[in-house]
Amino acid sequence: MAKPATIKIRLNSTADTGFFYVTKKNPRTMTEKMVKRKYDPVAKKHVEFKEGKIK
């Protein structure tokens with residue numbers, strides 16, 4: 001059976017609130033680490049979220 005093309009990643013808030021999103025990405029097409037600007041409800045503003053591993 002083939003491996004799935006997408007992997008689960010964790011987007012950690014750069015505001016150091018401990019908040020994170022879980023999303024998927026295709027590592028074959030996106031080789032660099034994902035960075036998204038999303039809403040952090042703990043900080044109550046939009047901040048950058050950087051990719052980290054799911055433990």
Exercise. Take the residues in region 19-30 that are under 14 Å from the mean Cα position of the chain (by Cα) and outside any strand (DSSP E or B), then tell me which one is farthest from residue 54 (Cα to Cα).
Key: 30
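Do we find a residue being free of Cβ contacts under 8 Å to residues at least 40 places away in the same chain and in contact with a Leu (Cβ under 9 Å, 6 or more places away or on another chain) anywhere in region 37-47?
Going residue by residue through region 37-47, those that are free of Cβ contacts under 8 Å to residues at least 40 places away in the same chain are 37-47.
From what's left, in contact with a Leu (Cβ under 9 Å, 6 or more places away or on another chain): 38.
Yes: region 37-47 contains one or more residues that are free of Cβ contacts under 8 Å to residues at least 40 places away in the same chain and in contact with a Leu (Cβ under 9 Å, 6 or more places away or on another chain).
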Quiz item: How many of the residues making up region 4-18 are charged (D, E, K, R) and either surrounded by 15 or more Cβ atoms within 10 Å (Cβ to Cβ) or not in a loop (DSSP other than H, G, I, E, B) (or both)?
Solution: 2
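So which residues in region 19-35 are open to solvent by 100 Å² or more (accessible area, probe 1.4 Å) and in contact with a Leu (Cβ under 8 Å, 6 or more places away or on another chain)? Give the steps one after another, and end with the answer.
Restricting attention to region 19-35, the residues satisfying the condition of being open to solvent by 100 Å² or more (accessible area, probe 1.4 Å) are 24, 28-29, 31-33.
Residues satisfying the conditions do not exist here.
The values are calculated or read from the model by the stated rules, or taken from the named source; none is laboratory data. Everything quoted here is computed from the prediction, not taken from an experiment. Backbone-built Cβ (ideal geometry, glycine too); neighbour counts: all protein chains shown. Note: accessible area is taken over every heavy atom of the protein model, side chains too, but ligands, DNA and RNA are not part of it. Shrake-Rupley method; radii C 1.70, N 1.55, O 1.52, S 1.80 Å.
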